[in-house]
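The values are calculated or read from the model by the stated rules, or taken from the named source; none is laboratory data. All values reported here derive from a predicted model rather than from experimental measurement. Cβ placement follows ideal geometry from the backbone for every residue including glycine, while neighbour counts extend to all protein chains displayed. Note: areas computed on protein heavy atoms with side chains; ligands, DNA, RNA excluded. Shrake-Rupley method; radii C 1.70, N 1.55, O 1.52, S 1.80 Å.
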Amino acid sequence: MNHSMMAFFDLATTPGQPWKNGAGSTQELACWPPGADMEHFAWRLSVATIARAGPFSVFPGVQRQIMLLGGDGVHLRHAQGRWAHLLDRRWQTFAFDGDEPLECRLAGGPSTALNLMLRHGLCSGTLQVLRAAPAPETPAAGLCMVLQGLWQWRGSNGDGDTARALQPGQGFGWVDQRIEPPGLASAAQHAGAALAWVALTGVPSPSAAMQAPSGGRAALVCRTGAGEKT
């Protein structure tokens, strides 16, 4: 069975799920396999809004990468004082082990962050900022989101060539894209154009069949568990 999938998203219309502790909320962008809960995903991408100080959820066996999208930033500190990190520069990325108990304190007002979670032994990946169009080779799976500027997407979804403009907060995710690799280009008039780019490798195939929604694209987006924190 062909498990190729591609789905567009817009943060402005992506529903958020409040954390159980009331300290923030999460907008889930994609996870694999689709519909997997917090104990069984291979990889997961989400945007968190951190509204007040509190602990981070512990995810055993998960490697995490976090990128500050907006706000004054956060102070991250190991609960046993083994290390501390100030995430206060926009689009700064920081990697840490999901096994570690962390405390989070706001550097000022609320902040938003892009979160990548990878299950050890199942897949690997990177979260980075690109200032120009990515290489034409498409990774096995991934996601891109416009951070700044206007970007043009051109590609094929099996029904012919398509194109659309992507603004900040918009993007798309894909898995096992066997059709023509998606192409991106920034509009020349938008100086400082930037993308959040996630490239994933070693993505396992799902054990169950997936169904595509109307329009021919299978959805990567699924709901976030109500008990989750960032």
Requested in this report: Calculate the dipole size of region 16-126 relative to its Cα centre from +1 charges on Lys and Arg beta carbons and -1 charges on Asp and Glu beta carbons; express the result in debye to the nearest 20.
Outcome: 220 debye
Requested in this report: Would you mind computing, in nm to one decimal, how far apart the modelled labels at HIS40 and PHE8 are, each placed 7 Å from Cα along Cα→Cβ?
Outcome: 3.2 nm
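Can you tell me how region 1-47 classifies by the Cα gyration tensor, rounded, prolate or oblate, using a/c under 1.5 as the rounded cut? Kindly include the intermediate steps, with their values, before the conclusion.
Working: a/c = 3.59, a/b = 1.51, b/c = 2.39.
Oblate, because a/c is 1.5 or more while a/b does not exceed b/c.
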Query raised in the report: Gain in length, VAL129 to ALA84, computed as 0.36 nm per residue apart minus the alpha-carbon separation, to one decimal in nm?
Result: 13.9 nm
**Report entry** Estimated distance in nm for a label pair at ALA165 and GLN92, the labels positioned 7 Å out from Cα along Cα-to-Cβ
**Finding:** 3.4 nm
Query raised in the report: How much accessible surface area, in Å² rounded to 10, belongs to the heavy atoms of THR126 with a 1.4 Å probe?
Result: 70 Å²
**Report entry** Positive minus negative residues near LEU106 (Lys, Arg vs Asp, Glu; Cβ under 12 Å)
**Finding:** -1
Report task. Heavy atoms only, probe 1.4 angstrom, no DNA, RNA or ligands counted: give me ARG154, ARG77, ARG119 ranked by accessible area, highest first. Result -> ARG154, ARG77, ARG119
